[in-house]
Amino acid sequence: MSDLFSVSSERTGDGLGIVAVSGEVDIFTSPRFKECMLELLDAGLNRLVIDLSGVTFIDSTALGVLIGGVRRVNTAGGAMTLVVTSRAVERVLSITGLDRVFTIHATRAAALESLA
């Protein structure tokens, strides 16, 4: 499999966290993505950058994880932004209208700056 899934998270301080995802995010891998994101939210972080720059495929299950995350962040008075570089992921977000729900950046630096 050339599109091996991986997910990691980091805290940059001041209530800000990053979840970096790569590979295929689908019904099989979305639970790990969700778990990683919830760990940061449960730790009290209310500003998240979800870095999807390494994602090659995303399905409706993964979109559900993103929607659940943004709802929780918004309820906590925070913000969530996405880093998207793949045309395939951009297309899915556009078709579903989620490009109007999320602020999307081309780089992690731009996403971090938007939440600073």
Seminar exercise, completed: Over the chain, the sum of -39500 (n - 2.57) across DSSP H runs of at least four, divided by residue number and rounded to 500 deg cm²/dmol, gives at 222 nm -12500 deg cm²/dmol
Seminar exercise, completed: Computed ³J(HN,Hα) along segment 91-101: with the Karplus parameters 6.51/-1.76/1.60, θ = phi - 60°, integer Hz and x for glycine or proline, the list is 4, 4, 5, 5, 4, 7, x, 6, 5, 9, 8
Problem set entry | Bridge type composition, the chain - antiparallel percent by DSSP, nearest 5 | 30 percent
Exercise. Under a Cβ-Cβ cut-off of 13 Å, what is the net charge of the residues other than Arg108 that fall near it, where Lys and Arg count +1 and Asp and Glu count -1?
Worked result: -3
For this session: Assign unit charges at the C-beta atoms only (+1 for Lys and Arg, -1 for Asp and Glu), then state the dipole size of segment 6-115 relative to its Cα centre in Debye, rounded to the nearest 20.
Result: 220 debye
Problem set entry | Given (i) 6.4; (ii) 9.3; (iii) 7.4, the label whose value is mean projected area of the Cα convex hull in nm² derived from this model | (i)
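Values in this text are rule-based calculations from the coordinates and carry no lab data. All values derive from a computational prediction rather than experimental measurement. When we count neighbours, we look across all protein chains shown, and the Cβ atoms used for this are built from the backbone with ideal geometry, even at glycine.
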